[in-house]
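As C-alpha cells, the structure follows; a few thoughts come after it.
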Number of protein chains: 2
Amino acid sequence: MNGAQALIRTLVGCGVDVCFTNPGTSEMQFVAALDEVPAMRAVLGLFEGVATGAADGFGRMAERPAATLLHLGPGLGNGIANLHNARRARTPVVNVVGDHAVTHLAYDPPLASDIASLARPVSRWYRSATTPEGLAADAADAVAAAYGPPSGVATLVVPADLTWSEAGGPAAARPRPSPRPVGEEAVTGAAKALRSGEPVALLLGGAAMRRPGIDAAGRVAQATGARLLAETFPARHERGAGIPAPERLAYLAEFAMAQLAGTRHLVLAGATAPVSAFAYPNLPGDLVPEGCEVHTLADPAEGEDAVGALRALAETLGAGSGAAPGPPPGRPVPPTGALDARAVAEAVGALLPEDAIVSDEGNTEGIFVSGATAGAPPHDWLCLTGAAIGQGMPVALGAAVACPGRRVLSLQADGSAMYTLQSLWTQAREGLDVTTVVLANRSYGILELELSRVGAAAGGPRARRMLRIDDPELDFAALAAGMGVPSSRARTAEEFSEQLARALATPGPSVVEAVLV
Amino acid sequence: MNGAQALIRTLVGCGVDVCFTNPGTSEMQFVAALDEVPAMRAVLGLFEGVATGAADGFGRMAERPAATLLHLGPGLGNGIANLHNARRARTPVVNVVGDHAVTHLAYDPPLASDIASLARPVSRWYRSATTPEGLAADAADAVAAAYGPPSGVATLVVPADLTWSEAGGPAAARPRPSPRPVGEEAVTGAAKALRSGEPVALLLGGAAMRRPGIDAAGRVAQATGARLLAETFPARHERGAGIPAPERLAYLAEFAMAQLAGTRHLVLAGATAPVSAFAYPNLPGDLVPEGCEVHTLADPAEGEDAVGALRALAETLGAGSGAAPGPPPGRPVPPTGALDARAVAEAVGALLPEDAIVSDEGNTEGIFVSGATAGAPPHDWLCLTGAAIGQGMPVALGAAVACPGRRVLSLQADGSAMYTLQSLWTQAREGLDVTTVVLANRSYGILELELSRVGAAAGGPRARRMLRIDDPELDFAALAAGMGVPSSRARTAEEFSEQLARALATPGPSVVEAVLV
C-alpha cells in the first residue's frame, strides 16, 4: 500500500470521508488512490477558497471534520481566507496540503514556497510528514488535533514522494476526548453573580449556541432574570419558534455598547469577551462596560465544555429541567411592492422551510432577515465567523454535502459573492439543494458606512467609486447560468417571493438575484 | 496631513501612481485620501488575486512598481498566489496591507491574524509601520526595496491608526541603484567556455529576455556557435520577426533533458540552473546534463546585470555590434475546419497585432501558439512565472493599464480562468483593450498528463472525474456577459478566426471562447 492509500484509508477509518479539493501534480497519487478507497467522497472545487470554505460548512453541520486537498503553497494561499473563518469558527478541518518531494525542495522549483509560514496563522496544529511509514499516523494525529479540544484546523503537509512510496497500512483512530469540564469555581462564581440581584447578562457562543446549551441557558435566564446575549457571529446557531432566543451582539460597536450598557456582570459561556471588530478614533475596542465584572464560565479557546457548564449552572441555581420559552411560531406577511432589504427579509421569513440551514453572508442588506425568521420553524444559522468575505457560498455547499435532505438557503451580498462564486459550479455538479439569494445593491455597502465611521471625510467621487460595483453592472443570473445553475432576477417583492418559493421547492441549486437598486 | 495622505503622496513622488485594490474598513483612510491626491490612480478588483496579479503585469510592462492595497491577513491571503508568481518573476511590487490599529490587536478581533507570517514567503522585503511620522519614510523604503536590486515584492503593513494620525509630510524618493555589475571573472569564465570548441548553451532569463539582452546574446551565439536557450517561464520576453529567438526550455523534464543533452558548458545569463518543475519517481530534479559545467555569468537572485554582462561578453569575444539574425517575418495561413489547439495557434499567428502583449496561461492547449507567432511582428510575451494558475487574466489587466494603446491578448486555459475570472469586470470597468481567448477543453489537461507521469496507475473513473470540468459545462460567453464583457463562442477554425479578428479590432475588452471538445 502506498502512502496515498494509507493516508486516505486512515482518514476514512477516523471518520473523515469527504474531501474538498482542487489538486495539482503533487497530489496526483492521492487522486489516483480515490478509486482504491471508494468510501472517500472527493468533491472538486474550481478554486481552493471553495474547498476550504466547504470544509468549514461541512464541519459545522456534520460535527466531524472534512479533509481538504490543496496544491502546495499557492493552493493553500487561495484557501487561507476561509481557513481563517474556520479557525474563528473553531471548526474541525483536516487541511491536507501537498508538497514537493522532500529531495526536490533543494532545487527551489517554481512552485516552492514556505508552506509552514503560510499555514501556521490559520492552523491550530501543523505538521509536515517526513516518512512514508509515518504518514498514516500523521493523518490519525491530524484528525485528533482537528477534534481537539479545542477543535480547529489541523494542517498536514504531505510531500509527494511519501505518497508514492510503500507505507505499510493505515493507522488506527486516536481516542476522542470529550470537551474539558470546567472547574467548580467557574460555576459557583457565575451562580453568585446571577444571584447578586444586579443586572447580569449571559453571553453565549460556540457550542452553547446549539440546542442543549441554549435550553440550559434559557432555564438559567428564566430562573434568574438574566439577559441572554450571543456572540456577533456564531458558527452555528439553532434557532426558530420555541427555542430560547439570545440576542446577538451587533456588529457595530456603538450598537453593541448600547446592548451591553448597564450590565454589571457578564457571564461568558463559550464566548469570548466582546470587542469591536475594528478600532475607531473615538470608540473603545473593549466593549465590556465600565464597572462590569466578567465571569468566564467556559472558555472556548481552552476547549471547555460550555454545554456541561450551563447545565451545571442551571442545576446549581435550581433552574429546573423544563423547557424555557422561545419565540412563538409566526411568519411575516408576504411583502408587496418595491423590493428592498425589508421585503427580502419578510419573504424569507414567510418561506423558510422547516429544518433549513441558512448560510448568512447577507451583510448590510441582510440585516432584517434574522428578525423576520425568529418565529420560523426551527433551523440552523451559520455566520461569517472570521469576517473574511467569500465564505457564505462555500459554507452553504459544505453544509449541503453534510446534510442531504435539508434545504440550504445561502444569503449572499453581491460584493462578497464575487469572491468565491465558483461555489455554484460545485453545487450544480453535486446536485446540492442550495438556494442562493444574491442581495444586489451594487456596492460594498458596509464600507460606505465604514468610510464615515473611521473619521475620514465623507469621501469624494474617487473614494466612493472604490465602494461601488455598479459599473459595469453584474448580472448574477448570467453568471449562475454560466456555471450551470438555474437562475432568475427579481425586481419587485412579488417577483422575489414567487422566485424564492419556486427555488426552494426545486431540487438542486438555483440562484435568485434580488435587485435592490 | 494624515498618514494616509503622506503615504499616497510619497508613493506618487516615488513614481508609484497606480494602486490595484480591494479595500476594507482598515483601509478607508487610504480610500478617502484618493480625492486629495488625484495623481494616484486606484483600480478596483472584485478579488485580491486580481489586484496582486494586475500589479505583477503592470510592473513587468511599466518597469516600475504599482502598489496594491489589501485588507488585513485574509485579503493578503487571497492575493498570495499571484504574489508568489510576482516573486518568481522578480517583479517590483509595493504590496500595501492594511492592519488593525496597533492598540486594537490586543483584543484579537475577528479579522486579526499573523500577517507577517503570511507575507514573508512572498516578500523579499517586509515591514510593519509603527509610527505615523515614520509612515512616509517606510513607503519610500518599500519602493526602494521593490526596485532592489534584486527587484521584487516589498510588503508594507499599515496599521489603521497610523493612517488617521497626523504624519507630517511625504518622504523623498530614495536613490535608485543600477543592477549590480558582474565581476570580470564571470565574463572571462564564460568567454573561455564559449571558446572551448565544446558544445555550449547560453541560457537566458529575467532581464536578458528583453531586446538589449537578446541582441547581445544573439551576437555571442552568432560569433561562437553557441546555442541560445531561455528559461521555461520568462516574466517578459520580447520576441517576433527579426529578433534573435532563444529556444525556451520545455516545462516537462523529459523534453528539457532532450534539449540540454550533449551540452558541455551551460552559461547562465539572468537565469537559474534548470530544474524539473516537479519530482517524479524515475527522473532527476536537476536538469543539467552529467558532465556539463555551469558558468554563472549573471545571477538574477543577486540582482546582477545580465544585460551589461552579455554586452561585456560580446565585446570580450569580439562579437561585433551588428544585429544578430532572428526569424524572418511570416504568419501561418488562417486555419480552416475543426477547431483544435493547432488551429487556435495558427489563427493567433495570422492575426497577432504588431506591438501586442501576450499574457500566456494557455497551458496544454496553448502549446502551439508560441511557435505560430515566432515570425509575427515584434511583441511581448508574459509567462506563468511561478506556476500558480490564475495569473494570466490579472497580468493581462495590469499590462493593459501599463501600456495604453497596445493590444493585450490574454491566452487562457479554461480551468485556470476560473481562478481569477473577476479580472474581466475590472477590464470592462477600466475600458482596457484586452482580448481574452479561453481555450476550453473542459479539463485540467496538464493534470491528465501528470496523473500518468507521477507513476500513479492510469486512474480510474473517480480519479479522472477530479480532472474533468465538463459537468456541468462552463459557458464562458455567459460568464463574461455577466461581468459586462462582450463575448462569443467559436466551434470551428473559421468562426474562431473571424471572432478573434473582430475582438482584436474592437476597443475595450472581449472574450472569445474557443470550444476544443
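The values are calculated or read from the model by the stated rules, or taken from the named source; none is laboratory data. The structure displayed is predicted, hence computed values, not measured ones. Don't worry about glycine lacking a Cβ; one is built from the backbone with ideal geometry, like all the others, and counts go over all protein chains shown. Please note that ligands, DNA and RNA were not included when accessible areas were found on the heavy atoms of the full protein model with its side chains. Shrake-Rupley method; radii C 1.70, N 1.55, O 1.52, S 1.80 Å.
Some points to look at:
- Per residue, the stretch B:268-335 exposes 46 Å² of accessible surface when a 1.4 Å probe is rolled over the protein heavy atoms with every protein chain present.
- Antiparallel content of DSSP bridges confined to the protein assembly as shown, in %, to 5: 10 percent
- At R0 = 60 Å, FRET efficiency that the Cβ-Cβ distance of A:Ala273 and B:Ala258 yields, to 0.05: 0.40
- Estimated buried accessible area (total), pair A and B, 1.4 Å, Å² to nearest 100: 8000 Å²
- Accessible-area value, A:Arg219, 1.4 Å probe, nucleic acids and ligands omitted, Å²: 40 Å²
- Rel. contact order, % - alpha carbon contacts under 8 angstrom, at least six apart, the stretch B:120-224: 24 percent
- Note on the stretch A:270-322: Kirkwood hydrodynamic radius from all Cα pairs is 13.5 Å, rounded to one decimal.
- Long hydrophobic helices in chain A: none of the complete DSSP H runs spans 30 Å or more by Cα along its own axis with mean Kyte-Doolittle hydropathy of at least 0.0.
- The protein assembly as shown - charge dipole about Cα centre, Lys and Arg +1 at Cβ, Asp and Glu -1, debye rounded to 20: 60 debye
- Cβ neighbours within 10 Å from other chains - mean over B:479-489: 4
- Antiparallel bridge percentage (DSSP; both residues within the stretch B:58-206; nearest 5): 0 percent
- Ordered from highest to lowest accessible area with the whole protein assembly present and a 1.4 Å probe, B:Asp340, B:Asp433 read as B:Asp340, B:Asp433.
- The reciprocal of the average 1/r between distinct C-alpha atoms defines the Kirkwood hydrodynamic radius, which for the protein assembly as shown equals 29.6 Å.
- Radius ratio Rg over Rh of the stretch B:187-240, counting only Cα atoms, Kirkwood formula for Rh: 0.98
- Close amide H contacts of B:Val93 (hydrogens built in the peptide plane, cut-off under 5 Å, sequence separation of 5 or more or a different chain): B:Gly152, B:Val153, B:Ala154.
- Inter-label distance, A:Val294 to B:Lys192: 6.9 nm, where each label sits 7 Å from its Cα along the C-beta direction.
- Peptide B:465-474 - average C-beta neighbours from other chains (10 Å radius): 5
- The Stokes-Einstein estimate for the stretch A:262-396, based on a Kirkwood radius over Cα pairs and taken at 20 °C with 1.002 mPa s viscosity, is a diffusion coefficient of 118 µm²/s.
- In range of the label at B:Arg442: residues from the stretch B:337-368 whose backbone nitrogen is under 20 Å from the point 7 Å along Cα→Cβ: B:338-344, B:363-366
- Kirkwood-type hydrodynamic radius, chain A: 23.8 Å, calculated from all non-identical alpha-carbon pairs.
- Using C-alpha pairs below 8 Å separated by at least 6 residues, the relative contact order for chain B is 14 percent.
- Within chain B, percent of DSSP bridges classed antiparallel, to nearest 5: 10 percent
- Minimum 30 Å² accessible area buried by the other protein chains, the stretch B:46-87 residues, probe 1.4 Å, relative to alone: B:Leu46, B:Phe47, B:Pro74, B:Gly77, B:Asn78, B:Ile80, B:Ala81, B:His84
- Net dipole in debye of chain A [+1 Lys, Arg Cβ; -1 Asp, Glu Cβ; about Cα centre; nearest 20]: 720 debye
- Computed over the stretch A:41-101: relative contact order in percent, which uses C-alpha pairs under 8 Å that are six or more apart: 41 percent
- Projected area averaged over orientations for the stretch B:371-517, convex hull of C-alpha atoms, nm²: 9.8 nm²
- Distance histogram in 5 Å bins (all Cα pairs of the stretch A:157-294, percent per bin): 2, 9, 16, 18, 15, 11, 6, 5, 5, 5, 4, 3, 1, 0
- Approximating the spin labels as points 7 Å out from Cα along Cα→Cβ, the B:Ala39-to-B:Glu133 distance works out to 2.5 nm.
- On the protein assembly as shown, 52 percent of the accessible area sits on carbon and sulfur atoms, based on a 1.4 Å probe.
- The mean count of C-beta atoms from other chains within 10 Å of the C-beta of residues in B:425-435, rounded to a whole number, is 1.
- Relative to the other identical copies, B:Asp286 shows label-point distances of 5.8 nm, where the label point lies 7 Å from Cα along the Cβ direction and values run shortest first.
- Unit charges at the beta carbon, dipole of the stretch B:72-137: most positive-side option, B:Thr131, B:Pro110, B:Leu83: B:Leu83
- Extending 7 Å from Cα along the Cβ direction at A:Ala501 and again at A:Leu449 yields two label points whose distance is 3.1 nm.
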